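Every read-out reported here was derived from the displayed coordinates using simple, explicitly stated rules and does not represent laboratory data. Computed from a predicted model, the values in this text were never measured in an experiment.
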Amino acid sequence: MNRRSFSQLVGISSLGVLSGKSAFANTNQSILKKPFKLNYAPHLGMFRYHAGNDPIDQLNFMADQGFRAFEDNDMRNRDVVLQKKMAQTMTKRNLKMGVFVAHKIYWQKPNIASGDKVLREEFLDYIKKAIPIAKRVNAKWVTVVPGHVDLRQNMAYQTAHVIESLKQAAELLEPHGIVMVLEPLNFRDHPGLFLTDSPQAYEICKSVDSPSCKILFDIYHQQIQEGNLIPNIEKCWNEIGYFQIGDNPGRKEPTTGEINYKNIFKYIYKKGYNGILGMEHGNSKEGKVGELNIIEAYRSVDQS
């Protein structure tokens, strides 16, 4: 599942708000579960069979199950009234807001890697517009993907173009304490993109040299792209601002694939990480059973 189809799936299942009582209102979910040790962040649609389609009910269900965070790639496209309601609910339920995608991602053609000044200004305009959204929903992190490679330019030139664009974006974000997190994406699901490896993202963040430019280390993508997960996390640690989760193959919840998430979460927990780990994956099974499987999977790999 790639990010485009993943976002479409989530959007279809969760954007609508039910009229009258939601499905969640008809379930007895009043017993609060023990909070998870790490800040795992579900997304809208992940628990819709239990909570219904109302985003507010979904947030309440997540909090009732012990989740302490939430992420929403599509937050910038949601109605302002809904953004405010979601922010109020997250504050009330002590849910931290995770990432949303800050800008239009160019999947099949270059944008900031190209050095084109018009495309750079377009990117920076998206960053400017993301700032009030982040403030509205209490988001500290926004996702940035530099887009496709420019096949007509040497990678060194492209890297310089990306760094310059990110420096200008960081200048916009720094006064507000907002962090753009750069996400390397794997070659199999997203062929041809500029940013693919964690060392590459590390080099760029070091060059930008800003607290507002860090790495989004997506464990699913990096297992496919480079493997050697814990050593690469260790090498990049000082530049990692955010994690995302998905098992491989399949991009479903932990315990469904080859990644030893129990050991990875143990390592991250012992390092003292108090940020967010976005659950950017699908459910391995449909319906309420699949949703309960998600919760149990995270209980099984969380730190005891």
Listed residues 216, 59, 172; largest mean-square fluctuation, Gaussian network over the chain with Cα springs below 10 Å, found at 172
Given an 8 Å cut-off on Cα distances and at least 6 residues of separation, report the relative contact order of the chain as a percent. 17 percent
Rounding to the nearest 10 and keeping the result within 0 to 90°, find how far the Cα-based axis of helix 80-92 lies from the longest principal axis of the chain. 60 degrees
Can you grab the distance from the C-alpha centre of the stretch 221-250 to the C-alpha centre of the stretch 76-110, Å, no decimals? 23 Å
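Using Cα-Cα distances under 8 Å and only pairs 6 or more residues apart, what relative contact order does the stretch 170-304 have, in percent?
Numbers: 209 pairs, mean separation 26.4, N = 135.
Once divided by the residue count of the stretch 170-304, the mean separation gives 20 percent.
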With Cα springs under 10 Å, the Gaussian network model of the chain assigns the largest mean-square fluctuation among 125, 79, 218 to 79
Give the value in nm², to one decimal: projected area of the alpha carbon convex hull of the chain, averaged over all directions. 14.6 nm²
Can you tell me which of 211, 254, 55 moves the most in a GNM of the chain? Springs connect C-alpha atoms under 10 Å apart. 211
Please give the calculated 222 nm ellipticity per residue for the chain, where each DSSP H segment of at least 4 residues contributes -39500 (n - 2.57) and the sum is spread over every residue; nearest 500 deg cm²/dmol? -13000 deg cm²/dmol
Could you state the angle between the C-alpha long axis of helix 198-208 and the longest principal axis of the C-alpha atoms of the chain, as a value from 0 to 90 degrees rounded to the nearest 10? 70 degrees
Helix 287-301 versus the longest principal axis of the chain: what angle, 0 to 90°, nearest 10, using Cα atoms? 70 degrees
